[in-house]
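Okay, structure first, notes after.
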Amino acid sequence: MPLSSVRRKAGGLEGRSRGWLLACVIGTACMSPALAAEKEKPTAVGRRAEVRPFLRAGNPVAGRDKAEAERCVECHGVEGHGSGEGVGGEGKFPKLAGQYPDYIIKQIRDFQSGARKHDIMTFMARSVADGDLVDIAAYFGSQRRMSGEGQHRVQQTARLYQEGDAARGIPACVSCHVEQRAATLAGAAGAPIIAGQQWRYFDKQMRDWKSGDRTNSPDKVMNRIAAQLSEREIVELADYVSAQ
C-alpha cells in the first residue's frame, strides 16, 4: 500500500472499533481449540505481548471481508499468497496462506506491545480489535497453504534444514517448523510454517534474528540459531525454504 494511503487512513482511525491487519509475519487450522477465555482489549504499546485466548473461534468467512476492508490483501494477497503491491514492493511481505492463526495473532499482538518493531505494522496493528483479528487470522489460516516452485536442490542446505548441525547447536528447521494440524496453542504461536515463504522476507527475518533487530521468538531461540549461521547459509536457506 502506498505510504500516502497510510497517511490518509490515519485520519479516519479515531473512534473505529476495527483497525488494519498487515502481518509481517510468517497453520492450517482455522483456530486452536485452546482459544476460549475472557475477552481482551488490545495490548498497550510498551507492554510485552502474551499469547491470550479469545472468547470464540474465528470466522474465516467474516475474516475474508475484514481482511479486504482493512486492506491486508494489498500486501499479503487476496488469499494470502503475497502481492507485489504495497510499500516496499514484491517479496517484502510474508505469505499468510495456511499459516497458523495463533501465530498471526501473536505477531499482531507483539506489534501492539512493541515486542516486535516495524513502523508501518506498529501503526496498523495498534487499533485492530481482537474480534476482527481472530476472524482475519482464521481466514488466512483456512487458505491453501503457501508453497514455492520446488526448484532448489542444494544437498548441504537440505541437510541443515532437515537435520540441523549438532556441532554448532543448530536444530533441524523441521523439528519446529513443520505443518501440524493438531498443533498446540503455544507451539503454533511460537513456530510458524515457513516452507514456501517469500525468499526476500525470509532472508530479512533471518538477518534480523542474527543482528538482534528482531527478538520475539520464544526464549529468543531464533537469535541463538541465526547467530550460528553464515551469510551464505542464510542466503541458501532462504532459497531452499522459498522453493518448498
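Could you pull out every residue, at least 5 positions away or on a different chain, whose amide H is within less than 5 Å of the one on R116? Hs are placed 1.01 Å off N in the peptide plane, and Pro or chain starts have none.
F111
What full-extension length gain, to one decimal in nm, is calculated for A166 and V235 as 0.36 nm per residue of separation minus the Cα-Cα distance?
22.8 nm
Mind giving me the nanometre distance, one decimal, between the label points for Q228 and A69, set 7 Å out from Cα along Cα→Cβ?
That separation, rounded to one decimal, is 4.7 nm.
For the pairs K66/K204; K66/K210; K106/K210, flag any whose C-alpha to C-alpha distance is greater than 23 Å.
Long pairs (Cα-Cα over 23 Å): K66/K204; K66/K210.
Based on the mean of other Cβ atoms within 10 Å per residue, sort peptides 100-108, 156-164, 191-199 so the most packed one is first. Mind dumping the intermediate values first?
Numbers: 100-108: 29.0, 156-164: 15.4, 191-199: 22.3.
Packing proxy ranking, top to bottom: 100-108, 191-199, 156-164.
Determine, for D135, D208, the number of other Cβ atoms within 10 Å of each Cβ, and report the residues in order from fewest to most. Write down the numbers at each step before the final one.
Numbers: D135 28, D208 18.
By the 10 Å Cβ count, ascending, the order reads D208, D135.
In whole Å, what are the Cα extents of the range 155-242 along the three principal axes, biggest one first?
Largest to smallest, the principal-axis extents are 34, 29, 28 Å.
What does a probe at T215 reach in the range 112-145, counting residues whose amide N is under 12 Å from the point 7 Å along Cα→Cβ?
Once the point is set 7 Å along Cα→Cβ of T215, 115-117 turn out to lie under 12 Å by backbone N, inside the range 112-145.
Readers should treat all values here as calculations from the given coordinates under stated rules, not as data from a laboratory. These numbers come from a predicted model, not from an experiment. Methodologically, a virtual Cβ is constructed for each residue, glycine included, from the backbone with ideal geometry; neighbour enumeration extends over all protein chains shown.
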